[in-house]
1. Dipole of the stretch 30-88 (Lys/Arg Cβ +1, Asp/Glu Cβ -1, origin at the Cα centre): which of L84, L50, W74 lies farthest to the positive side?
2. Looking at the stretch 64-173, which GluC sites (Glu not before Pro) are in a loop (DSSP not H, G, I, E or B) and have at most 13 other Cβ atoms within 10 Å?
3. Figure the gain on full extension for K36 and L5 (residue separation times 0.36 nm, minus the Cα-Cα span) and round it to one decimal in nm.
4. Expected output is a single nm value to one decimal: the length gained when fully extending between D232 and N299, i.e. 0.36 nm times separation in residues minus the C-alpha distance. What is it?
5. Accessible area per residue of the stretch 65-140 at 1.4 Å probe, in Å²?
6. Quick one: order H334, H224 from most to least accessible surface, probe 1.4 Å.
7. First select every other residue whose beta carbon is under 9 angstrom from the beta carbon of R41; then total the charges, Lys and Arg +1, Asp and Glu -1.
8. How far, in nm, would the chain grow between N333 and H178 when pulled straight, counting 0.36 nm per residue and subtracting the alpha carbon separation?
Amino acid sequence: MAGPLEVARNAFDYVRGADICDLCSTPLDDVWTSGKVRLRRVRGGEGPPLLIVHSLISKPYIFDLLPGNSVLEWLRDHGHDAYLLDWGETDETDVANDLATYIDDYLRPAVGAVREVSGAEEIAMLGYCLGGLLALLALATDEALPVPDLALVATPVDFAAITALRRATRGGRLEAEHLVDPTGNIPARVFRQAFRALRPTNEVAALVTLADRLGDRAYVRNHHALNRWTADQIPFAGALARELLPVARDNAFLAGSVRVGGRPACFTGIRARVLAIMARRDHLCPYPSASAIDRLIPNADLSTFEIDSGHVALFTGSRAREHTLPALHDWLNHTERKEARDGRAAARDA
């Protein structure tokens, strides 16, 4: 049991935020850039390539919080050649970015860059939250995209099941013009305030637990890192907000009315292997919204993985290391996938 001096030291370090966290410790190499968007490869990774597509609301270091609590580190150590698509921080130069910008100008070229760097003809892709929607739209608007394996993590598809969003957008009550600042984008503070409003007692409960465990240095370090990330949102492009708010209001994914650059998104045309990972106590991407994925992509080879956790615990902490990441690893290395890959290689060599 920690003594009073250890408790005091941990509390002091937590408050000042120094000498307690080693954020983003996994070595990464930039292998492709386009403006502020970077494709980052985990150094030392081997095996089939996996492209991780993050959300557009928060920073991507959720995948690399701390040594021992890092998705990128875990994937590297378990034989995956992982690539992270880092969108950068949105500013006034990005105000016109829309779905076509993120999918056609950034995501598709990133897929090509992963293929070129890795030498693979096909790659797997993982989309986190809004990044999962971008990945789905990329496949739904390009049947030739060489991504036969898609993992979705906490990805909402039935917007009618997100109660707060449904109420806010009903009848045009919430429009992008109500949210943008003088730059033309939605400022990060709007998302922080919205997330706090969804669970107003969360911060108090977390601090009570922290106070009870100040003697546990590892817990204090992880709490500090995660708390920092959850408050570290980025601005959201104004043009994209003008597209997506009507998508949410009209439940356009399930209605089949989403368009990217004027092209209809055909979700019934997706025939890839898809793994949908969801949390049963997720307040940001509610389980009923994520679990509607079978209605969206009826012709895909769909598998699901559920865990009794909240949104963030899907990919951080002990639950991720013991449950989510092993499930992802097993799915990526499924025998049928390996046989198909070996068969394609044999055909090329023949």
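1. L84
2. Qualifying residues, ordered by number: E89, E121, E143.
3. Computed gain between K36 and L5 is 6.7 nm.
4. Between D232 and N299, full extension yields an extra 20.4 nm.
5. Per residue, the stretch 65-140 has 29 Å² of solvent-accessible surface.
6. Putting H334, H224 in descending order of accessible area: H334, H224.
7. That works out to -1.
8. 51.2 nm
The values are calculated or read from the model by the stated rules, or taken from the named source; none is laboratory data. None of the values given here were measured: they were computed from a predicted structure. For neighbour counting, all protein chains shown are included, and Cβ atoms are generated from backbone atoms with ideal geometry for every residue, glycine included. Calculation scope for accessible area: heavy atoms of the full protein, side chains included, ligands and nucleic acids excluded. Shrake-Rupley method; radii C 1.70, N 1.55, O 1.52, S 1.80 Å.
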